[in-house]
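Enquirer: Just passing along the structure, written as structure tokens.
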Amino acid sequence: MNKKELEKLISTLKIEKSEYWILSSASLVLRGIYDSAADLDLAVTEKGLKELKENYDLVQKENGWYIVNDKVECILDEKMPNKIEKFGEYYLQDIYDYYDFIKNSNREKDKKRIPLVKNYIKKIMDR
């Protein structure tokens, strides 16, 4: 999904904006760092998870994540204030937190994102 498609999907979510933040590649797409995301990964508060359970037939995976629908997954994370960054109208995973995650990841797709995120951080530091 490109940025416009992501924004449309986000606008259809039946959860308060203050109860989730956007993770991984979707957060990069919304920042303009990356062109597209395969899905929308969310971290949600306890209240946010409750809202999703009331509005969707969530399926919990073995790894603790929930499948909301074919394009959205979420995980419960109560540490929201420490890991978010307000970007326009969205709450996104903090870019430094994400950078630390991908630097320590063994996944090839994460390794490819390291220079893109590093360059983005350099640009915001140079402002």
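What follows draws every value from the coordinates through simple rules; no lab data is involved. Everything numeric here is computed off the predicted structure, so don't read it as measured data. Cβ sites come from the backbone with ideal geometry, for glycine too, and all protein chains shown count toward neighbours.
The rows are residues; the columns are (1) in a helix (DSSP H, G or I); (2) out of contact with any strand residue (DSSP E or B) (no Cβ under 7 Å at 6 or more places or on another chain); (3) within 19 Å of F101 (Cβ to Cβ).
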site: M1; (1), (2), (3): no, yes, no
site: K4; (1), (2), (3): yes, yes, no
site: L28; (1), (2), (3): yes, yes, yes
site: E73; (1), (2), (3): no, no, yes
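For every residue, the table says whether it meets (1) within 11 Å of L92 (Cα to Cα); (2) among the charged types (D, E, K, R); (3) touching a helix residue (DSSP H, G or I) at 6+ places or on another chain (Cβ under 7 Å).
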position: E7; (1), (2), (3): no, yes, no
position: W21; (1), (2), (3): yes, no, yes
position: A26; (1), (2), (3): yes, no, yes
position: G32; (1), (2), (3): no, no, no
position: L40; (1), (2), (3): no, no, yes
position: E51; (1), (2), (3): no, yes, yes
position: E54; (1), (2), (3): no, yes, no
position: L58; (1), (2), (3): no, no, yes
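Enquirer: Here is a follow-up. Given the criterion in a strand (DSSP E or B) and either buried (at least 16 other Cβ atoms within 10 Å of the Cβ) or among the hydrophobic types (A, V, I, L, M, F, W, C) (or both), identify the matching residue among Y91, Y98. Full working, then the answer.
Expert: Values: Y98 fails: in a strand (DSSP E or B).
Result: Y91 is the single residue among Y91, Y98 that is in a strand (DSSP E or B) and either buried (at least 16 other Cβ atoms within 10 Å of the Cβ) or among the hydrophobic types (A, V, I, L, M, F, W, C) (or both).
Enquirer: Exactly one condition in (1) surrounded by 13 or more Cβ atoms within 10 Å (Cβ to Cβ); (2) touching a strand residue (DSSP E or B) at 6+ places or on another chain (Cβ under 6 Å); (3) not small (G, A, S) is false for N69; which is it?
Expert: Exception for N69: condition (2).
Enquirer: For region 60-72, state whether one or more residues are farther than 26 Å from I121 by Cβ and within 11 Å of the chain's Cα centre (by Cα).
Expert: Checking region 60-72: at least one residue is farther than 26 Å from I121 by Cβ and within 11 Å of the chain's Cα centre (by Cα).
Enquirer: Hey, among the residues in region 11-35 that are aliphatic (A, V, I, L, M) and surrounded by 20 or more Cβ atoms within 10 Å (Cβ to Cβ), which one's nearest to K47 (Cα to Cα)?
Expert: Checking each candidate, the answer is I15.
Enquirer: Would you mention how many residues in region 51-66 are surrounded by 15 or more Cβ atoms within 10 Å (Cβ to Cβ) and in a strand (DSSP E or B)?
Expert: 1
Enquirer: Follow-up question, since we're still on this one. May I ask you to verify whether G48 is within 24 Å of E5 (Cα to Cα), of a type outside the set (D, E, K, R), exposed (fewer than 15 other Cβ atoms within 10 Å of the Cβ) and touching a residue at least 12 places away in the same chain (Cβ under 8 Å)? Steps first, answer last, please.
Expert: On the way: within 24 Å of E5 (Cα to Cα): yes; of a type outside the set (D, E, K, R): yes; exposed (fewer than 15 other Cβ atoms within 10 Å of the Cβ): no; touching a residue at least 12 places away in the same chain (Cβ under 8 Å): yes.
No: the conditions fail for G48.
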